[in-house]
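Note sheet for the following structure.
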Amino acid sequence: MQESVKIEAFTKIYGKNGNERKACDNVDFEAVSGSITGILGPNGAGKSTLLKAAGGIVYPTSGTVTVAGFTDLKDIRSITGNVPEFPRLDGKLTVKEALTQNIFLHGYDKKDLDRLLSAAIKAADLDDVLYQKISSLSKGYTQRVSFALAVSFDPKVLILDEFSGGLDPAQIVKIRRSIKKLAEKKIVILSTHLIQEAESLCDYICVMNEGHVVARGTKEEIIRNSNCTSLEKAFLKLTGAES
């Protein structure tokens with residue numbers, strides 16, 4: 001049975017007392033296990049806010065968020081691995097220490113440690129930096145540690161927010177390969193403003209602009225419904241960026 005992230009009529013408003021800003025406006029969104037769902041849009045489109053809702057990080061101002069049957073934010077967070085655009089890591093720890101700590105924090109004990117560590121290290125290709133302190137790592141390696149932490153406790157849901165920043169081309173290829181493998185059994189959602197990334201990774205795409213969903217479906221469906229010849233042209237048309 002497929003599990004899903006289902007978001008209905010989701011609206012999120014930040015600020016108050018006349019300084020309100022509507023980040024997402026009446027958004028419907030769904031992602032299912034066994035596939036990769038991408039949220040594609042320009043900066044400020046509402047992608048990160050929608051991801052935070054799916055990951056149990058923000059409450060909706062209105063609407064509902066259901067993740068693998070859970071609606072309580074604490075429960076949602078317990079089954080979700082998040083890879084933020086800007087990693088927040090403890091630089092004093094080695095890579096192995098950080099992964100081990102994270103696995104124990106998620107309720108596992110020593111009998112599970114080797115299995116989970118091995119899977120996370122393999123997914124992010126971190127064998128050569130395991131005993132280095134995180135503070136000594138390059139930006140690309142730091143991002144890979146963030147990815148490894150997100151998958152280290154075998155979450156049901158994996159959320160990646162502009163994850164490829166700082167990765168070199170070879171690293172991007174390896175991480176994409178890992179993401180596709182993980183998506184065989186998990187719900188994987190990613191946000192990007194890179195059209196090629198959405199094309200190469202995503203089975204389904206949700207295009208956002210100014211807090212609204214302006215298109216959803218497979219790449220082919222979005223192209224066809226937009227009367228365009230490529231996803232790039234459809235994206236420019238849907239977001240009002242046509243020249």
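Answer rounded, prolate or oblate for the stretch 89-136, using the Cα gyration tensor with square roots of eigenvalues a ≥ b ≥ c: rounded when a/c is under 1.5, else prolate when a/b is larger than b/c, else oblate. In terms of gyration-tensor shape, oblate.
Distance from the C-alpha centroid of the stretch 107-180 to that of the stretch 38-52: 23 Å, rounded to the whole angstrom. Debye-formula intensities of the stretch 14-71, expressed as log10 I(q)/I(0) at q = 0.12, 0.17 Å⁻¹, are -0.32, -0.63 (one equal scatterer per alpha-carbon, no solvent).
Taking label positions 7 Å along the Cα-Cβ direction at both residue 119 and residue 101, the computed distance is 2.3 nm, reported to one decimal. Mean residue ellipticity, 222 nm, helices only, the chain: the sum of -39500 (n - 2.57) across DSSP H runs of n ≥ 4, divided by residue count and rounded to 500, is -10500 deg cm²/dmol.
About its Cα centre, the dipole of the stretch 91-243 is roughly 360 debye, where the only charges are +1 on Lys and Arg Cβ and -1 on Asp and Glu Cβ. Going by accessible surface with a 1.4 Å probe and the largest first, 77, 176, 224 read 224, 77, 176. Taking label positions 7 Å along the Cα-Cβ direction at both residue 127 and residue 221, the computed distance is 4.1 nm, reported to one decimal. Normalised Debye scattering of the stretch 77-220 at q = 0.16, 0.17 Å⁻¹ gives log10 I(q)/I(0) of -0.84, -0.94, counting only Cα atoms as equal scatterers and leaving out solvent.
Per residue, the average separation of C-alpha pairs within less than 8 Å and at least 6 apart gives the chain a relative contact order of 27 percent. Take the Cβ atoms of residue 28 and residue 136, set R0 to 51 Å, and the FRET efficiency comes out at 0.70. Note down the net charge around residue 140, summing +1 for each Lys or Arg and -1 for each Asp or Glu among other residues with Cβ under 11 Å from its Cβ. Every neighbour counted, the sum reads +1. Take the Cα of residue 75, step 7 Å toward its Cβ, do the same at residue 174, and the gap between the two points is 3.8 nm. Length gained on full extension, residue 21 to residue 90: 21.6 nm, using 0.36 nm per residue less the C-alpha separation.
Full extension of the chain between residue 61 and residue 181 yields a length gain of 39.7 nm, computed as 0.36 nm times the residue separation minus the alpha carbon distance. Between 86, 38, 204, whose Cα lies farthest towards the positive end of the dipole of the chain when Lys and Arg beta carbons carry +1 and Asp and Glu beta carbons carry -1, centred on the Cα centre? Positive-most Cα among the choices belongs to 86.
When the alpha-carbon atoms of the chain are used, the pair Rg, Dmax equals 18.1, 58 angstrom. Across all Cα pairs in the stretch 153-243, the calculated P(r) in 5 Å bins from zero up to the longest distance comes to 2, 12, 23, 22, 17, 14, 7, 1, 0, 0 percent per bin. If I take R0 = 22 Å and measure r between the Cβ atoms of residue 210 and residue 8 in this structure, what FRET efficiency does the formula 1/(1 + (r/R0)^6) give, to the nearest 0.05? Efficiency, from the Cβ-Cβ distance: 0.65.
The values are calculated or read from the model by the stated rules, or taken from the named source; none is laboratory data. Please read these numbers as outputs of a predicted model, since none were measured by experiment. Cβ coordinates were reconstructed from backbone atoms using ideal geometry, including for glycine residues, and neighbour counts include every protein chain displayed. Side chains included, ligands, DNA and RNA excluded: accessible areas come from the protein's heavy atoms. Shrake-Rupley method; radii C 1.70, N 1.55, O 1.52, S 1.80 Å.
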